[in-house]
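The structure appears below as structure tokens.
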Amino acid sequence: MKKARLAGAMAVVMLICAVFGFSFNALAQDFTPTTPIEYHDIGNALFRSTSLSTGSNPYNFNDNWKYYYWCDFTPQYSAEYSASIDAIRPIGVEIYDAEGNLLNADEDHDYGDEKWYYANAGAFLEKGETYYFRLFFCGGHYDSCGKFNIILESKGSPDFPSAENLNLYVGGSQFQTQYELAEYSYQRVFYDISLLLVFADGSFFKWENSPDVSLSVRGVDIILDMSDCAATVGTHKVTIHYMGYEATASFEIVKCFHEYDASEVKPTWLSPGYASHICKKCGESYNSNYTYSGQMLYFEFDKYINAFYGGDGYLSCADMNDDGVINLRDYSLLRELYSDAQNGFLSFFGTSKGSNNYSAEYDMNSDGYINIRDYSLLRQTKPKE
């Protein structure tokens, strides 16, 4: 009986070990990455965020934890460079020279509550020399792998004087160029970019973009950031980096380059005349040059009687028939404006604010209703016979 119980107990232990054995083994193994993924394009991450991955391994189905990135980099200019990486698991970065000497290293910082990890390491790198960046997960577990982001940055190179010697233009201007939304394109801005560089010896170079021009000056790439150039109305900017220095230029996208047709709107008894401007491209409109309404002009008419075009006291809106002289014929036409208003009142009588045929012009007391009180006020403005 005792032997049977002992055998049963051993069977249970063996079953537990079979089910959970991988976990015990995982805890016992050394999960330090040992296999390099050679990557030759880390220069693409200079002043640009780049995403890389060593694969995924959430359930211990493979050995992706073994991989790390081994990136060669040959600077085009001497400067202090730094590599910043982040991921959802502990991450590290190391910088080596061509002889394999470790120049700097950093790993396993976390952002706290965000459960995000980052590392940053920097060193002064000489132009034309080859260096290596080792990018690796350092969580020490079988799922220490996956996606991470890297951005490589530099300070300004001592080979170029300063950021003030780097001038960026869009369409020949640093901040005044405008594009019409309907005609705007990313490519159009791209080819409108130009750059003026003044070097330490006083020489200068003007770089202008075109389909056949290289995005570099004197062997150093011009790194262009047009992420803020979406086709939306408003102010946008272009950013460039050259030898570690940054320059920006802004431009504006407007809804329309308006082309207005102007027309004259004559005054009525209750409303002033004005010039109406309507864009023939988009239909947007505005009014300008407001004149007197008929009743306002009536009370002032004596001031302009007998005035003529080009003389003192002439008012064009009082010259109702546009014959160049303000006289009784104009006064007669002015009285007709009142007659039109009186006849038109009937069309709006009994309406209230919010209804389709309500007219604020005939709501003489502005109480929201057009009724007998408004008609009484209108009658009080009647001109003399």
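This table checks each residue for (1) in contact with a strand residue (DSSP E or B) (Cβ under 8 Å, 6 or more places away or on another chain); (2) modelled with pLDDT under 95; (3) surrounded by 13 or more Cβ atoms within 10 Å (Cβ to Cβ); (4) not β-branched (Val, Ile, Thr).
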site	(1), (2), (3), (4)
THR239	yes, no, yes, no
MET243	yes, no, yes, yes
ALA247	yes, no, yes, yes
ILE253	yes, no, yes, no
VAL265	yes, yes, yes, no
ALA275	yes, yes, yes, yes
ILE278	yes, no, yes, no
ILE305	no, yes, yes, no
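What do you reckon, is SER263 in a loop (DSSP other than H, G, I, E, B), among the polar types (S, T, N, Q) and at negative phi? Even if it seems obvious, please write down each step before you answer.
On the way: in a loop (DSSP other than H, G, I, E, B): no; among the polar types (S, T, N, Q): yes; at negative phi: yes.
No: the conditions fail for SER263.
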Residue hits (the stretch 55-80; under 17 Å from ASP221 (Cα atoms), of a type in the set (Gly, Ala, Ser) and surrounded by fewer than 18 Cβ atoms within 10 Å (Cβ to Cβ)) are none
Notebook entry, point to check: Among the residues of the stretch 81-98, is there at least one that is crowded, with 17+ Cβ neighbours inside 10 Å, of a type in the set (S, T, N, Q), touching a residue at least 60 places away in the same chain (Cβ under 8 Å) and not in a strand (DSSP E or B)?
Noted result: no
Restricting attention to the stretch 360-380, the residues that are open to solvent by less than 50 Å² (accessible area, probe 1.4 Å), within 17 Å of LEU337 (Cα to Cα) and without any contact (Cβ under 8 Å) to a residue 12 or more places away in the chain number exactly 0
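Only residues that are of a type in the set (D, E, K, R) and not in a loop (DSSP other than H, G, I, E, B): list them for the stretch 209-244, please.
Going residue by residue through the stretch 209-244, those that are of a type in the set (D, E, K, R) are 212, 218, 221, 225, 228, 237.
ASP221, ASP225, LYS237, listed by residue number.
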Counted residues in the stretch 106-165 being touching a His at 6+ places or on another chain (Cβ under 8 Å) and open to solvent by less than 40 Å² (accessible area, probe 1.4 Å) come to 1
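The values are calculated or read from the model by the stated rules, or taken from the named source; none is laboratory data. The structure displayed is predicted, hence computed values, not measured ones. Note: ideal-geometry Cβ built from the backbone for every residue, glycine included; neighbour counts use all protein chains shown. All accessible areas refer to the heavy atoms of the entire protein, side chains included, with ligands and DNA or RNA removed. Shrake-Rupley method; radii C 1.70, N 1.55, O 1.52, S 1.80 Å.
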